[in-house]
1. Hey, among the residues in region 583-615 that are in contact with a His (Cβ under 8 Å, 6 or more places away or on another chain) and outside any loop (DSSP other than H, G, I, E, B), which one's farthest from Tyr55 (Cα to Cα)?
2. Is it the case that some residue within region 164-180 is at pLDDT 90 or above, in contact with a Ser or Thr (Cβ under 6 Å, 6 or more places away or on another chain), surrounded by 15 or more Cβ atoms within 10 Å (Cβ to Cβ) and not small (Gly, Ala, Ser)?
3. With the condition kept exactly as written, say whether any residue in region 384-406 is within 20 Å of Asp225 (Cβ to Cβ), touching a strand residue (DSSP E or B) at 6+ places or on another chain (Cβ under 8 Å), polar (S, T, N, Q) and touching a residue at least 24 places away in the same chain (Cβ under 8 Å).
4. Would you check which residues across region 339-377 are assigned to a loop (DSSP other than H, G, I, E, B), of a type in the set (A, V, I, L, M, F, W, C) and closer than 22 Å to Lys307 by Cα and list them?
5. Every residue in region 215-265 that is touching a strand residue (DSSP E or B) at 6+ places or on another chain (Cβ under 8 Å) and buried (at least 23 other Cβ atoms within 10 Å of the Cβ), please.
6. Does Phe492 satisfy the condition of being buried (at least 18 other Cβ atoms within 10 Å of the Cβ), outside the structural domain of Trp235 (by TED's automatic domain parsing) and in contact with a helix residue (DSSP H, G or I) (Cβ under 7 Å, 6 or more places away or on another chain)?
7. Of all the residues that make up region 266-295, how many are surrounded by 14 or more Cβ atoms within 10 Å (Cβ to Cβ) and at negative phi?
8. Here is a list: Ser429, Ser441. Which entry is within 25 Å of Lys326 (Cα to Cα) and surrounded by fewer than 21 Cβ atoms within 10 Å (Cβ to Cβ)?
Amino acid sequence: MNDIAIDKEHLHYLEQLSEMYPTIGKASSEIINLQAILNLPKGTEHFVSDVHGEYEAFSHVLKNGSGAVRKKIDDVFGLAMDKADKAALATLIYYPREKMELIKQDEPDMDSWYKTTLYKLIEVCKTVSSKYTRSKVRKALPEEYAYVIEELITEKPEVLNKEAYYESIINTTVELGTAEEFIVVLSELIQRLAVDHLHVLGDIYDRGAGPHLIMDRLCRYHSLDIQWGNHDIIWMGAAAGNPACIATVVRNSIRYGNLDVVEEGYGINMLPLATFALKAYKDDPCTRFVFKVAPSGADNMESDLIKKMHKAIAIIRFKLEGQLIKKWPEYGMKERLLLEHIDYEQGTIELEGRTYKLLDTSFPTIDPADPYRLTEGEEEVIQRLRSSFIHCEKLKNHVGLLLKRGSMYKVYNGNLLFHGCIPMEEDGSFAKVNIYGKEYSGKALFDILETYVRKAFFSDDRLERQKGSDIMWYIWTAPYSPLYGRNKMATFERYFIDDDDMKIEKKNFYYDYINKPECAQRILEEFGLHDKRDHIINGHVPVHRLRGESPVKCDGRVIVIDGGFSKAYRRRTGIAGYTLIYNSYGLTLTAHEPFESPETAVRDERDIVSRREAVEVLDKRILVGDTDAGIKMKEKIADLKHLIAAYRSGEIAERDD
C-alpha cells in the first residue's frame, strides 16, 4: 500500500475524504468493513408493474415478497414442518395482528402458543438477516425492541447454554404481556428483510380504487425506485396544473367508477363539474358515457349525474387536447384534431377518408366555427379543478415521491427497467422524435423527456416550465411516447363511432422486434449494458397467458411483468399479475392468482402465489461485490487506500478523532 502513487489532481478530494476518516486506523477499519460487505450475498430485488390502484393485492404482494417469505420458511424448516403449518406461519407473518385475533378464539393455551411461535419467528429472522451486516439489520429494528431482537438473532459464542438464554428472554416477554407486540415486530421485520429493494415499473394509478393508498405505502417503504408509467405521468401533469392532464385524470376516474380517489383520496371538490354538467347536459341522457366499472352503491339518480359529469369532462378533455396539438405542431399529432372534422348538422365525422355516423350528436358546448374553445362555464370548471389539484398537499407529497424515486428508466444491477417501449420504426431503427424542435431517439429520447418532466416542477424559466407541463400530456398519449407506444389513443372513437377497426390502437414496431435477440442486445447496449446476462424488464402491455403468451421473451433476455393486477384485464390475461424476484441465486418469475381480500387470506391461510418459475439460475452465487453498489464500494476502497498512502507519505496529516 505504501507504493500506491497518488494522483496530485485527486489530492483535494482525498483531503475532503480525510474529514470522514482522519486517521490510518479509521480508514483501514472502513476498508475492512467494506471488504466484508462485498463478500455477502446480494440482496433480494422485487419487481412489480402495472398495479393500477389495486391496493389490497399490491399490499399482499409486498407482504409475501412474491413468495420470498414462504421460501425462507421452507429453507428454515424443510420437511420438519408440514405444508399446513407453513401456510399458517406465513399468514401470521403477513397479517400478524389479524391472525392472532383469530387464533385467540380457539387456542386454549395462548402462552404456550406465544412461546412456540416466537421460536419459529426468531429462526426465520436469523435466516432473512444472515445476508446483511449487523448495522443494516439494526437500522431496520424498532428502537424499543432493537436490543432484544439483536440478542435473539445474533450468534453469541460467549453464551454457553444458548437454549436457556433464549428461553429466558422469550419467557420474560410472555410474562410481561408483550408477546403479541413482539410477534408483530418480528413479522414486520421478516417482511422487510426478505426484500432488500423494490422496483415499481409504472402505472400505479387509475382503474383500481386505491392508488393513493399504494402511494402512502410506498412513501414508507425502506428502499425503492419507480419507473414512471403513462398513468403515473398524467397524474404528475395534473399535479403540475396542466389542464389537459387534469381533465384526463378526472375522466379516467369517472370512467372506472373511482371518483372517490379524486374526491375522498385527494380531497378535490367535484361540485363545480357536477353543477356545470347538470346545466349543460340537462336533457341529455348521455347514454354513451356509461361506466367501465360502475361505482358501488350508486343509485339511478346519482348514476345519471355521473354520466353527465363524464360527458362534460370528456368534451373538455377533447377540447384541451386539441389546443395542445395546435400549440405544439412538433408533437406530430394533428390527426387527433377530431372535433374540426365533425359535421354538426349531419351528425357525422370524416376520418381517414371515410364518413361515420356519430353515436351521440348532442354537443351543446361546441362552437363548430371554433370547436376547441372552452365555453365560459367549461373554463370555470377547469380553473377550479386546477386550483384544487395544484393546492392538494397529499398529491404534492405523492408526486414528490414520484420525482424523488422515479424516472423514465433505470439501469440497476445489469437490468434495464422501463415501463413501455423504445419507440421504433418499421425497419427496426430507433424512431427519431421531435421534442421542441430537436430530434431524439433511443436513450436520448428518454433523457430529454425526463428533463422536461422535472422542468415542469423545478424550472425558474416560465416557458420551460410550461413545456414541461405540456410534455407530460404528450408522454401520456403520443404514438412515439416511450410510455404509451401505440399509434393513437382511441378514446373518441370508443365513445362516438360504431366501427371496431377504428378503435384499434396499433402497437409500436418495438413489440414486433423485441423477440429478436439482436434487437434486445442493441437496446441494452444503447443504455450501456454489454454483458450477455443483462436483461430488459418492463410492463405496460398485459401478457395474455390464455392465448399462450409468455412473459419471458428473446431467450430470457426480455421479461414482461404486466400480467393483470388490474381487474379490468384479468379476463383477458387469465391471471392477476406477474412479479419478478432477483436474488443471489438468479431470477424467478411469479404468477399470481386473484386476491380476494385480506380477511380471506387470514381466515383460509390462502396466498396468491400460483406458480414460481426460474427464469435464470446462476452457477455461482451473486455477491454484493458483483452489484452496482459493490462497484461503488470497490471505488471507495481504492480511494481509502490512496488516503492511507497519503497519510504515510506525509502529503496529508493525520488528525485526532
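1. Looking at the filtered set, the residue picked out is Leu587.
2. Looking through region 164-180, none of the residues is at pLDDT 90 or above, in contact with a Ser or Thr (Cβ under 6 Å, 6 or more places away or on another chain), surrounded by 15 or more Cβ atoms within 10 Å (Cβ to Cβ) and not small (Gly, Ala, Ser).
3. no
4. Those that are assigned to a loop (DSSP other than H, G, I, E, B), of a type in the set (A, V, I, L, M, F, W, C) and closer than 22 Å to Lys307 by Cα: Leu359, Phe363, Ile366, Leu374.
5. Ile226, Gln227, Trp228, Asp232
6. yes
7. Total meeting the criteria: 18.
8. On inspection, the qualifying residue turns out to be Ser441.
The values are calculated or read from the model by the stated rules, or taken from the named source; none is laboratory data. This structure is a prediction, so every number in the text was calculated from the model and none was measured. No Cβ is skipped: glycine too gets one built from the backbone with ideal geometry, and neighbour counts run over all protein chains shown.
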